[in-house]
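Peer 1: Input: one structure, supplied below.
The values are calculated or read from the model by the stated rules, or taken from the named source; none is laboratory data. Predicted, not measured: the structure shown is a model, and the values here were computed from it. Cβ sites come from the backbone with ideal geometry, for glycine too, and all protein chains shown count toward neighbours. Just the protein is used for accessible areas: all its heavy atoms, side chains included, with ligands, DNA and RNA removed. Shrake-Rupley method; radii C 1.70, N 1.55, O 1.52, S 1.80 Å.
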Amino acid sequence: MWGGRFAEGPSAIMREINASIPFDKALWRQDIAASKAHVAMLGACGIVSGEDAVAIADGLDRVAAEYEANGVPENWDLEDIHMTTENRLAELIGPAAGRLHTARSRNDQVATDFRLWVRDAMDQTDAGLAALSRALVARAEEHADTIMPGFTHLQTAQPVTLGHHLLAYYEMIRRDRSRFADARVRMNESPLGSAALAGTGFPIDREMTAQALDFARPTANSLDSVSDRDFAIDFLQAASQCALHLSRLAEEFVIWASQPFGFVRMPDTLSTGSSIMPQKKNPDAAELVRGHSGRILGCATALMVTMKGLPLAYSKDMQDDKPPVFEAANLLGLSIAAMTGMVADATFRTDRMRQAAELGYATATDLADWLVRQADIPFREAHHITGTAVRLAESRGIALDELTLDDLTAIDARIDDRVYAALSVEASVAARRSHGGTAPDQVRKQVALARAALENDG
């Protein structure tokens, strides 16, 4: 490939460090598609003959069929997927293959291929997140009335419904989908035709290739076009945020599945056993999702550090842009699929959840709120009265609603027997009917809104 400029071939070390075919062969579908769009444009603009354009397009289809059937061969002397494809095309159709690279460079070629790949990855990720969203919403509707403890600092705080808890993750995933959607709009411009860095003197039609590849428009600056990897970083940043959310959900399942909690039975299909302890059922899938989040964040950091300080336009450092994106996309896809299966197939132990919700004086805030509403006591004073009641109940090892009326009136004479209606966990969750609250009717309202949004997604 470099015979016209170099008297000697590359050393073994140079050959190995320079070859990207072991990983960029993943771009073969995008490389074929972009090459077909490019040669169709060259033919339409009269830059290559119609006969050669047809031969090249047919040859590319034959190459694609070979790759589909047998995989992409790895010849390190050909360096990358672009030269591998062009070399095989030449073997199939002869010298006409050399016209394919007219008015383009590997710089704009790889920028286009990589954008197409990332765009496909975004679409696949969104489809996976939509499935996870549907699973969360379905289980939330099923458990709109299921009472569980809500936590802050992993300490029992107030009773909530399981449906409300699951919808919190639906909201996180909804934001994740919006980040991928925003990134997709931003990156949907075609670099093809920018050539090495300065554009080309050939009378090409960049609008035609952009339209053929379903880009919204061609990029506006050829220097930026070949040196930009913002779209890949955008993907990794959105993937990182999504991985953090999946990790939090996975952690909940790990905790809930532990014997002290016992809130959930994990599906057998997403659990493993122990090599020595026959009784064990380990939540390994959830733990791996939690672990994958660290690797995905590492991928984002790797690419950002690679791009830091690079002068315009293309530098060979950018060959290392693809492995972290490929790795992150694969890990994220696995994580989404695992959590979707977990949410859909887990068995929630509602009896244990309700029992736990009654512990830890979870309705203490309801007592304080009752004092504010019914006795017209300022909240800070009500907070102090409630704290005294909690201390008394705790000293006796009983629940708040097990304190007698005499006990309560001894703390404050303004308390009367109406207070007991506010101290049950059912009353607590039912009372929180503010927009976005945990009350079952509010959960069902949010489920309906979520279903409508998911249906509108198509």
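Peer 1: Would you check which residues across segment 167-196 are out of contact with any Asp or Glu (no Cβ under 9 Å at 6 or more places or on another chain) and either among the hydrophobic types (A, V, I, L, M, F, W, C) or not assigned by the TED database to the domain that holds Val137 (or both) and list them?
Peer 2: Leu167, Ala168, Met172, Ile173, Val185
Peer 1: Glu68 versus (1) within 34 Å of the chain's Cα centre (by Cα); (2) surrounded by 13 or more Cβ atoms within 10 Å (Cβ to Cβ); (3) not small (Gly, Ala, Ser): which is the lone unmet condition?
Peer 2: Unmet for Glu68, out of (1) within 34 Å of the chain's Cα centre (by Cα); (2) surrounded by 13 or more Cβ atoms within 10 Å (Cβ to Cβ); (3) not small (Gly, Ala, Ser): (2).
Peer 1: While we're here: Please verify whether Asp321 is open to solvent by 70 Å² or more (accessible area, probe 1.4 Å), within 30 Å of Glu79 (Cα to Cα), modelled with pLDDT of 90 or more and in a helix (DSSP H, G or I), treating the condition exactly as stated.
Peer 2: no
Peer 1: Name the residue that is nearest to Ile173 (Cα to Cα), counting only residues in segment 235-263 that are in contact with a helix residue (DSSP H, G or I) (Cβ under 7 Å, 6 or more places away or on another chain), open to solvent by 10 Å² or more (accessible area, probe 1.4 Å) and not in a loop (DSSP other than H, G, I, E, B). Can you show your working first?
Peer 2: So in segment 235-263, the residues in contact with a helix residue (DSSP H, G or I) (Cβ under 7 Å, 6 or more places away or on another chain) come out as 235-247, 249-251, 253-254, 261-263.
With open to solvent by 10 Å² or more (accessible area, probe 1.4 Å) added as a condition, the list becomes 237, 240-241, 244-245, 247, 251, 254, 261.
With not in a loop (DSSP other than H, G, I, E, B) added as a condition, the list becomes 237, 240-241, 244-245, 247, 251, 254.
Values: Gln237: 14, Ser240: 12, Gln241: 10, Leu244: 11, His245: 7, Ser247: 12, Glu251: 16, Val254: 19 Å.
Filtering first and then ranking leaves His245.
Peer 1: Pro95 is checked against (1) more than 33 Å from the chain's Cα centre (by Cα); (2) closer than 27 Å to Asp317 by Cβ and fails just one. What number does that condition carry?
Peer 2: Condition not satisfied by Pro95: (2).
Peer 1: Tell me, please, whether a residue that is under 27 Å from the mean Cα position of the chain (by Cα) and closer than 15 Å to Thr365 by Cα can be found in segment 438-457.
Peer 2: Yes, segment 438-457 contains a residue that is under 27 Å from the mean Cα position of the chain (by Cα) and closer than 15 Å to Thr365 by Cα.
Peer 1: May I pose another question? Quick one: which residue in Thr156, Thr146 is touching a residue at least 40 places away in the same chain (Cβ under 8 Å), of a type outside the set (Phe, Trp, Tyr) and surrounded by fewer than 21 Cβ atoms within 10 Å (Cβ to Cβ)?
Peer 2: None of the others qualify; the one that does is Thr156.
A quick yes/no check of all residues on (1) among the aliphatic types (A, V, I, L, M); (2) within 18 Å of Thr102 (Cα to Cα); (3) modelled with pLDDT of 95 or more:
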{"site": "Asp176", "(1), (2), (3)": "no, no, yes"}
{"site": "Val185", "(1), (2), (3)": "yes, no, yes"}
{"site": "Gly199", "(1), (2), (3)": "no, yes, yes"}
{"site": "Thr209", "(1), (2), (3)": "no, yes, yes"}
{"site": "Thr219", "(1), (2), (3)": "no, no, yes"}
{"site": "Ser222", "(1), (2), (3)": "no, yes, yes"}
{"site": "Arg229", "(1), (2), (3)": "no, no, yes"}
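Peer 1: Could you check segment 389-415 and list, in sequence order, the residues that are touching a residue at least 24 places away in the same chain (Cβ under 8 Å) and either acidic (Asp, Glu) or more than 17 Å from Glu358 (Cβ to Cβ) (or both)?
Peer 2: Correct list: Glu394, Asp401, Ile411, Asp412, Arg414, Ile415.
Peer 1: In addition: Sort out which residues of segment 56-74 are within 13 Å of Ile93 (Cβ to Cβ) and in contact with a Lys or Arg (Cβ under 9 Å, 6 or more places away or on another chain), and write them in order of number. If you could, list the steps in order and put the result at the bottom.
Peer 2: The first filter runs over segment 56-74 and keeps only residues within 13 Å of Ile93 (Cβ to Cβ), leaving 56-63.
If the condition is that a residue be within 13 Å of Ile93 (Cβ to Cβ) and in contact with a Lys or Arg (Cβ under 9 Å, 6 or more places away or on another chain), then Ile56, Ala57, Gly59, Leu60, Asp61, Arg62, Val63 are the ones that fit.
Peer 1: So Ser434 clears everything in (1) closer than 21 Å to Ala138 by Cβ; (2) not assigned by the TED database to the domain that holds Ile147 except one condition, right? Which one?
Peer 2: For Ser434, the exception is condition (1).
Peer 1: Can you find, within segment 1-53, the residue that is surrounded by the most Cβ atoms within 10 Å (Cβ to Cβ) among those that are modelled with pLDDT of 95 or more, more than 19 Å from Asp320 (Cβ to Cβ) and among the polar types (S, T, N, Q)?
Peer 2: So, considering only residues that are modelled with pLDDT of 95 or more, more than 19 Å from Asp320 (Cβ to Cβ) and among the polar types (S, T, N, Q), the one surrounded by the most Cβ atoms within 10 Å (Cβ to Cβ) is Ser35.
Peer 1: Give the residue, chosen from Leu129, Leu116, Leu89, that is more than 30 Å from Gln237 (Cα to Cα) and either buried (at least 17 other Cβ atoms within 10 Å of the Cβ) or in contact (Cβ under 8 Å) with a residue 12 or more places away in the chain (or both).
Peer 2: Leu89
Peer 1: Among the residues of segment 358-371, is there at least one that is open to solvent by 60 Å² or more (accessible area, probe 1.4 Å) and in contact with a helix residue (DSSP H, G or I) (Cβ under 7 Å, 6 or more places away or on another chain)?
Peer 2: Taking segment 358-371 as the starting set, the residues that turn out to be open to solvent by 60 Å² or more (accessible area, probe 1.4 Å) are 358-359.
If we keep only those that are in contact with a helix residue (DSSP H, G or I) (Cβ under 7 Å, 6 or more places away or on another chain) as well, we get 358.
Yes: segment 358-371 contains one or more residues that are open to solvent by 60 Å² or more (accessible area, probe 1.4 Å) and in contact with a helix residue (DSSP H, G or I) (Cβ under 7 Å, 6 or more places away or on another chain).
Peer 1: Can we say Ala111 is part of a helix (DSSP H, G or I), small (Gly, Ala, Ser), assigned by the TED database to the domain that holds Val254 and within 30 Å of Ile32 (Cβ to Cβ)? Give the derivation first.
Peer 2: Numbers: part of a helix (DSSP H, G or I): yes; small (Gly, Ala, Ser): yes; assigned by the TED database to the domain that holds Val254: yes; within 30 Å of Ile32 (Cβ to Cβ): yes.
In short, yes.
Peer 1: For the structure I just gave you, tell me whether Gly273 is within 20 Å of Leu331 (Cβ to Cβ) and of a type in the set (Gly, Ala, Ser).
Peer 2: In short, no.
Peer 1: Keeping to segment 372-388, report how many residues are touching a Lys or Arg at 6+ places or on another chain (Cβ under 8 Å) and open to solvent by less than 50 Å² (accessible area, probe 1.4 Å). Let's see the steps before the verdict.
Peer 2: So in segment 372-388, the residues touching a Lys or Arg at 6+ places or on another chain (Cβ under 8 Å) come out as 374-375, 377.
Then drop every residue that is not open to solvent by less than 50 Å² (accessible area, probe 1.4 Å), which leaves 375, 377.
Total satisfying the criteria: 2.
Peer 1: Considering only segment 169-221, state which residues are of a type in the set (S, T, N, Q) and either open to solvent by less than 20 Å² (accessible area, probe 1.4 Å) or in contact (Cβ under 8 Å) with a residue 60 or more places away in the chain (or both).
Peer 2: Scanning segment 169-221 gives Asn188, Ser190, Ser194, Thr200, Thr209, Thr219.
Peer 1: Follow-up question, since we're still on this one. Among the listed residues Leu136, Leu78, Leu60, identify the single one that is under 22 Å from Met208 (Cβ atoms) and either over 20 Å from the mean Cα position of the chain (by Cα) or outside the structural domain of Ser20 (by the TED database) (or both). Even if it seems obvious, please write down each step before you answer.
Peer 2: Working: Leu136 fails: under 22 Å from Met208 (Cβ atoms); Leu78 fails: under 22 Å from Met208 (Cβ atoms).
Just a single option satisfies the conditions, and that option is Leu60.
Peer 1: Oh, and also: Which residue is nearest to Leu244 (Cα to Cα), if the candidates are limited to segment 276-312 and must be charged (D, E, K, R) and part of a helix (DSSP H, G or I)?
Peer 2: The extreme case among them is Arg290.
Peer 1: From Arg104, Arg99, which residue is closer than 23 Å to Arg119 by Cβ and either in contact with a helix residue (DSSP H, G or I) (Cβ under 7 Å, 6 or more places away or on another chain) or open to solvent by 40 Å² or more (accessible area, probe 1.4 Å) (or both)? Step through it out loud before you land on a result.
Peer 2: Details: Arg99 fails: closer than 23 Å to Arg119 by Cβ.
Arg104 is the lone residue from the list that is closer than 23 Å to Arg119 by Cβ and either in contact with a helix residue (DSSP H, G or I) (Cβ under 7 Å, 6 or more places away or on another chain) or open to solvent by 40 Å² or more (accessible area, probe 1.4 Å) (or both).
Peer 1: Something else about it: Taking His383 and the conditions (1) under 30 Å from His143 (Cβ atoms); (2) assigned to a helix (DSSP H, G or I), which numbered condition does it fall short on, given that it satisfies the others?
Peer 2: Of the numbered conditions (1) under 30 Å from His143 (Cβ atoms); (2) assigned to a helix (DSSP H, G or I), the odd one out for His383 is (1).
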